[in-house]
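The values are calculated or read from the model by the stated rules, or taken from the named source; none is laboratory data. Just so you know, these numbers come straight off a predicted model, no measurement behind them. Here the Cβ positions follow ideal geometry from the backbone for every residue, glycine too, while neighbour counts run over all protein chains shown.
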Amino acid sequence: MRAGPVYDSVGTPVMKKTVQQIIPLLVSCLLAACGGDDSTAFQNGLNNSAASSLPLRQAADRANFNWGAAATVLREDALGNPAYDAALAGNFNMTTAENELKLPFLRAPDGTYNFEPADRIADFARAHGMKMHGHVLVWREDLTPWLGENPTREDGIAFMRDHISTVLGHYRDNYPDVFTQWDVVNEAYRSDGTLRASGWQQVIGDDFIELAFQFADEAWPELTLFYNDFYELNFNFFGSLLDAGGNPDPDAIRPGAGPNVALSTCETSLKCLAVQAMAEDFVARSVPMDAVGFQAHIPNAFAPDYATFAEWVGPLGLEWIITELDAPCPNDDSANESCFNTQADIFRAVVQACVDDPACATVVQWGVADGYSWWPGLSAGSFGRPLALDFDFNYKPAANAVLEVLQGR
Ligand code: G3I
């Protein structure tokens with residue numbers, strides 16, 4: 001099903017509801033989420049959602065636009081930390097689980113599932129009238145822990161179908177009002193346009209991608225199902241092109257052209273061309289993929305032209321989504337103001353491109369605030385501060401840039 005407009009907390013498209021109309025909806029939702037008719041819980045819930053809605057969330061809601069942030073419970077100072085919770089609920093109307101819905105975090109090798117961490121994020125989303133997109137069913141996992149040394153194609157297909165139906169079945173049955181879209185397959189292609197040799201690809205074969213979408217559609221046909229990947233060149237700041245044995249690693253994220261080549265048309269990226277070809281084939285064969293996710297981890301100093309780069313998606317009848325937006329700065333103080341202003345230009349350009357295209361309705365940044373980004377870990381501390389909110393959850397130039405775009409919608 002297509003993503004469509006932003007929905008309120010009980011799954012109804014938010015058109016021009018007034019506060020008076022929204023409160024009863026919040027009451028029913030918050031009481032349900034807070035475990036019954038406890039007025040204190042309701043009041044707390046209200047304090048956490050409508051009353052403390054900050055400019056970014058107000059603008060996103062008014063614009064019928066999904067402006068989100070990835071959240072996590074895997075850190076003590078994240079979900080459950082009042083300042084983090086207030087920043088997440090106050091500034092965003094969508095969230096996703098940074099890691100908690102990935103196979104290694106959900107399913108033990110003995111086949112048992114632990115949904116509790118991701119459920120905490122879904123409970124928070126419901127309590128604050130937020131939507132979620134799921135991330136991710138099929139990625140780069142080595143399936144040996146679950147399938148042993150020499151699984152057959154049939155073993156792999158059965159495992160994939162079971163995993164997808166179990167995960168989507170759990171959230172379909174328990175959070176049908178929260179999830180609107182799901183990242184079914186992530187990063188299946190290398191920068192040179194060939195398929196990454198993930199465990200799924202090795203065990204099942206190249207058709208693992210379409211099988212994943214078919215299984216997801218079987219499990220929850222109402223969801224918007226999307227393929228997700230990154231396209232920015234020179235991503236491989238600090239990674240290695242060699243595997244542990246010192247041999248060229250076919251799956252390494254190959255650096256692209258020069259350090260500051262902004263994305264323009266899809267033709268500039270062999271990976272984008274491969275994804276486009278896959279999308280065209282899927283549409284032609286009615287494979288149930290509804291959208292394409294563009295991660296938008298933007299290490300370059302130039303804002304990518306997503307309006308042009310993603311212009312091929314809408315004409316295919318598909319939607320596109322910015323799924324993991326961030327734009328890191330050097331972690332020294334040398335270029336603070338300049339880098340934050342460039343970051344604002346990047347956030348402004350990306351959100352504007354999505355707002356301007358009827359085929360796009362969602363931008364998610366990869367983390368709630370600068371203190372919760374993956375970039376310092378990736379870059380051994382050299383890069384960070386890539387998000388719209390700073391370490392104290394205050395608005396950076398990028399936040400004000402997004403606010404201007406959403407207010408102008
Ligand atoms: O939670 C465990 C902890 O118990 C353990 O002690 C610790 C040390 O092994 O690991 C912790 O898990 C780490 C997890 O982040 C939570 O912090 C994993 O090792 C680490 O690999 C994982 O990194 C995540 C990475 O995806 C790989 O899954 C990053 O947080 C996350 O930001 C990153 O996000 C990805 C998207 O899913 C896909 N697109 C690219 C993006 C950036 O790589």
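Brief remarks follow.
Each row is one residue, and each column tells you yes or no for (1) of a type outside the set (Gly, Ala, Ser); (2) within 16 Å of the ligand (Cβ to nearest atom); (3) in contact with a helix residue (DSSP H, G or I) (Cβ under 6 Å, 6 or more places away or on another chain).
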site: Met289; (1), (2), (3): yes, no, yes
site: Gly293; (1), (2), (3): no, yes, no
site: Ile322; (1), (2), (3): yes, yes, yes
site: Asn336; (1), (2), (3): yes, no, no
site: Gln352; (1), (2), (3): yes, no, yes
site: Asp356; (1), (2), (3): yes, no, no
site: Trp374; (1), (2), (3): yes, yes, no
site: Gly384; (1), (2), (3): no, yes, yes
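- Odd one out for Ala118 among (1) under 22 Å from Ala89 (Cα atoms); (2) in contact (Cβ under 8 Å) with a residue 60 or more places away in the chain: (2)
- Residue check for Gln343: more than 16 Å from the ligand (Cβ to nearest atom), in contact (Cβ under 8 Å) with a residue 24 or more places away in the chain and within 19 Å of Ala399 (Cβ to Cβ): yes
- Segment 59-76 - residue that is free of Cβ contacts under 8 Å to residues at least 60 places away in the same chain and not in a helix (DSSP H, G or I) and, of those, surrounded by the most Cβ atoms within 10 Å (Cβ to Cβ): Val73
- Candidates Gly317, Gly384 - the one that is in contact with a Phe, Trp or Tyr (Cβ under 9 Å, 6 or more places away or on another chain) and touching a residue at least 12 places away in the same chain (Cβ under 8 Å): Gly384
- Candidates are the residues of segment 324-334 that are under 27 Å from His135 (Cβ atoms) and away from the ligand (no atom under 16 Å from the Cβ); the one that is modelled with the lowest pLDDT is Asn331.
- Segment 320-338, residues that are without any contact (Cβ under 8 Å) to a residue 40 or more places away in the chain and not polar (S, T, N, Q): Asp332, Asp333, Ala335, Glu337
- From the list Phe347, Phe383, the one residue that fits, being in contact with a Pro (Cβ under 9 Å, 6 or more places away or on another chain) and closer than 20 Å to Ala87 by Cα, is Phe347.
- For Asp370, the conditions (1) touching a residue at least 40 places away in the same chain (Cβ under 8 Å); (2) within 16 Å of the ligand (Cβ to nearest atom) are fulfilled apart from (1).
- Of the helices (runs of 4 or more DSSP H) that lie entirely inside segment 92-162, those containing 1 or more residues that are away from the ligand (no atom under 14 Å from the Cβ) span 116-127, 144-147.
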